[in-house]
Amino acid sequence: MTSVNFLSVIIPVYNSENSIEPLLNRLSDAMVDLDFEVILVNDGSRDDSEAICMRLAIERPEVKLLSLRRNFGEFNAVMCGLNYAQGKYCVMIDDDFQNPPEEILKLIEKAESGNCGVVYTYYDKKEHAGYRNIGSRLVNWVTSFLLDKPKELYLSSFKLIRQEVVQEIIKYTGPFPYIDGLIFRVTRNIGTVQVKHNKREAGRSNYTPRKLISLFLNILFCYSALPIRLFMPISLGLTGLGSLLLIFLFGQWILGPDPKGWQVVTATLIFIGGIQCTLLSVLGEYIGKSFMAQSGQPQYVIKHKIGW
């Protein structure tokens, strides 16, 4: 794809009727000296966000709209935007003003000075709800463990990606995109920059505990085979422990007092049954994800395209 803009700003939109136009006003003021495009991806909003985005795409030449037929999720919406972005740099920013659009200039400066393929942001203080901060720390730990991510690197949704890295990322066409996981498949040339993080100006976060759990499971089962491999040493360890217990019970049976049979049988069945269920659950996750990936489930479906 030939780059025709210096910057593409991708904004996934979900139930943001009160914030999206003020955000674009501030963004236009901040980027006044740059050649940029704004790609709004309406992710099946249930309010008037789609109508507002359609009007903005008609009125403003730099604004383009991709409206999806249903809610596919933030990462799918971002992947949709990346597939159409033409800028040398692509920046993802939320629609809720927690990331001030003026801070985009810091990301560009870092990318230009350090020749980074990706620039992540981090915050002195995060203005998220408590459960989101806990979820972020959990995801950060899991990605460090599974993706070999540096522990000190915070995987924020507000980031910049060079177009050549974007072209590698969008080769993934499966239904479970995890942008950060795809980034680490492509490059380790990553920079960071500190930015402001504001309180949400309107509405409430669309990242519910259910979505955080879904994200955690996608990372765990779609981007690493490590979890299932961990069960081999665990199973061997449990087999060894079981052997030692059987030897101990056999010795107790010889030397006395005799162990009660029903206690041994009950404990053994519960123990083995729990291990079997755990293994089947993990196997089921992999089979389920593989089935969904091969079933033709779309990453996204576009309903409207305006401004292209």
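Quick note: the coordinates plus some simple rules give every number you see, no bench work behind them. Model, not experiment: these values are computed from the prediction. We place every Cβ from the backbone using ideal geometry, glycine too, and count neighbours over all the protein chains shown.
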Self-check item: GLN194 paired with THR239, simple spin-label distance in nm, labels 7 Å along Cα-to-beta-carbon
Solution: 5.2
Self-check item: Computed lengthening from SER281 to LEU153, 0.36 nm per intervening residue step minus Cα-Cα distance
Solution: 43.0 nm
Self-check item: Least to most buried among HIS197, HIS304 (fewest other Cβ within 10 Å first)
Solution: HIS304, HIS197
Quiz prompt | Amide H partners (placed H, <5 Å) of VAL63, local residues excluded | solution = VAL38
Practice problem: For GLU168 and GLU109, compute 0.36 nm times the residue count separating them, minus their Cα-Cα distance, and round to one decimal in nm. | Solution: 18.9 nm
Quiz item: Of the peptides 84-90, 247-253, 97-103, how do they stack up when ordered by the mean number of other Cβ atoms within 10 Å, highest first?
Solution: 84-90, 97-103, 247-253
